């Protein structure tokens, strides 16, 4: 059907049969797996090269390898956190799990499948990990394919867990005990102005929470409540955590960032909810009536860039930091990174530390802020509000300004804008 990778990547010809199309899909999947294996090998060699260069430059041993994960993330267009995980996985595959790596190289095993095996054997010694690697991913001497190839993801996870418990039960138990010390709660956007609120809890606590919500739903149904089981459980969760009743206004501050036009119902320019993202202006206006929220007005210059923010914080450093975080949408400015902003730092540094201004500051996650401190990294602000990052290898990456900077061109006169601001002041005061 196809003779070369280029032929395969060109896509199936018009009129290809169903069998040919299936073969094409299969062939592309093999290429993906092999490419991920080669990327892993390249990542390990990059890490070795960077460590050697940094060592020659006198970088302390504890800082060797800084910035490698971020370079991998930029090259693969993923977040630095994911880049670090990919580098860690690559080291494990090449140094400790040769059979798994061989399956990937042959196009028979994906990076995610390899991640599952690495994750479930992380608490074991290298020798025990290699036993599981051989048991699941080695080709049978009689020519039979590796067991792992025919397993689904859940089957693969369960098989690795069983072997790990069999080989070293104490390590598995100790790992579970340590996991109990790291519970956490997360929030991520969902479609239609909804969110996914998640909690990583010990088994007994997670089951207890769910059981309590389920009991509340059953009691509501028995009392004739017309809400669905899911609605009752969700409402009960919110009520018990926030301390409010379903019909009462929430007393938790929610920051909604709106342009003046959106607030006065003159346009449908999207608003921004900190910690979530863009929402329809109509939804935001309704939220103002339903909850105790703090509205921030954003001001733009003639080019449409955000230049100021109305804030209750009057101290310059605090106000500026809050403005930067809001201006950048609450998301790290590094291209491809979706982590929340944790640090406000200079884009371009000088001998005196760099100018502390809105134009020369950016919001970064902690990992990205540390990565750009590594040897050989450079950054400078672009003319349009973008940030230009240059890695030690000379590769250039441009982080465009957040979409919230791009406001529609003004259509009113200066006098009309002044009158609108006066009306807006009265609206906010009311």
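The values are calculated or read from the model by the stated rules, or taken from the named source; none is laboratory data. Predicted, not measured: the structure shown is a model, and the values here were computed from it. Please note: Cβ atoms are built from the backbone with ideal geometry, for glycine as well, and neighbour counts cover all protein chains shown.
Just a few scattered comments:
- Among residues of the stretch 221-241, those that are farther than 21 Å from residue 273 by Cβ and loosely packed, with under 14 Cβ neighbours inside 10 Å, counted: 7
- Residue check: residue 118 meets all listed conditions (1) touching a helix residue (DSSP H, G or I) at 6+ places or on another chain (Cβ under 8 Å); (2) surrounded by 17 or more Cβ atoms within 10 Å (Cβ to Cβ); (3) in contact (Cβ under 8 Å) with a residue 60 or more places away in the chain but one, namely (3).
- Some residue of the stretch 28-47 being over 30 Å from residue 128 (Cα atoms) and free of Cβ contacts under 8 Å to residues at least 24 places away in the same chain: yes
- Check on residue 165, in contact with a helix residue (DSSP H, G or I) (Cβ under 6 Å, 6 or more places away or on another chain) and part of a helix (DSSP H, G or I): yes
- Flag if residue 21 is in a helix (DSSP H, G or I), surrounded by fewer than 13 Cβ atoms within 10 Å (Cβ to Cβ) and in the same structural domain as residue 108 (by TED's automatic domain parsing): yes
- Test for residue 218: is it touching a residue at least 24 places away in the same chain (Cβ under 8 Å) and either assigned to a loop (DSSP other than H, G, I, E, B) or surrounded by 11 or more Cβ atoms within 10 Å (Cβ to Cβ) (or both): no
Matching residues to (1) surrounded by fewer than 17 Cβ atoms within 10 Å (Cβ to Cβ); (2) in contact with a helix residue (DSSP H, G or I) (Cβ under 8 Å, 6 or more places away or on another chain); (3) without any contact (Cβ under 8 Å) to a residue 24 or more places away in the chain; (4) assigned to a loop (DSSP other than H, G, I, E, B):
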position: 92; (1), (2), (3), (4): no, yes, no, no
position: 112; (1), (2), (3), (4): yes, yes, no, no
position: 141; (1), (2), (3), (4): yes, no, yes, yes
position: 157; (1), (2), (3), (4): yes, yes, no, no
position: 173; (1), (2), (3), (4): yes, no, yes, no
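- Checked against (1) modelled with pLDDT of 90 or more; (2) out of contact with any helix residue (DSSP H, G or I) (no Cβ under 8 Å at 6 or more places or on another chain), residue 383 meets all criteria but (1).
- Subset of the stretch 180-212 (residues that are closer than 22 Å to residue 123 by Cα and either touching a helix residue (DSSP H, G or I) at 6+ places or on another chain (Cβ under 8 Å) or modelled with pLDDT of 80 or more (or both)): 181, 182, 183, 184, 200, 201, 202
- Any chance residue 177 is under 30 Å from residue 98 (Cα atoms) and either in contact (Cβ under 8 Å) with a residue 60 or more places away in the chain or surrounded by 12 or more Cβ atoms within 10 Å (Cβ to Cβ) (or both): no
- Only residues that are part of a loop (DSSP other than H, G, I, E, B) and within 23 Å of residue 104 (Cβ to Cβ) were counted across the stretch 2-18, and they come to 2.
- The lone exception for residue 78 - which of (1) part of a helix (DSSP H, G or I); (2) in contact (Cβ under 8 Å) with a residue 60 or more places away in the chain; (3) closer than 24 Å to residue 101 by Cα it fails: (1)
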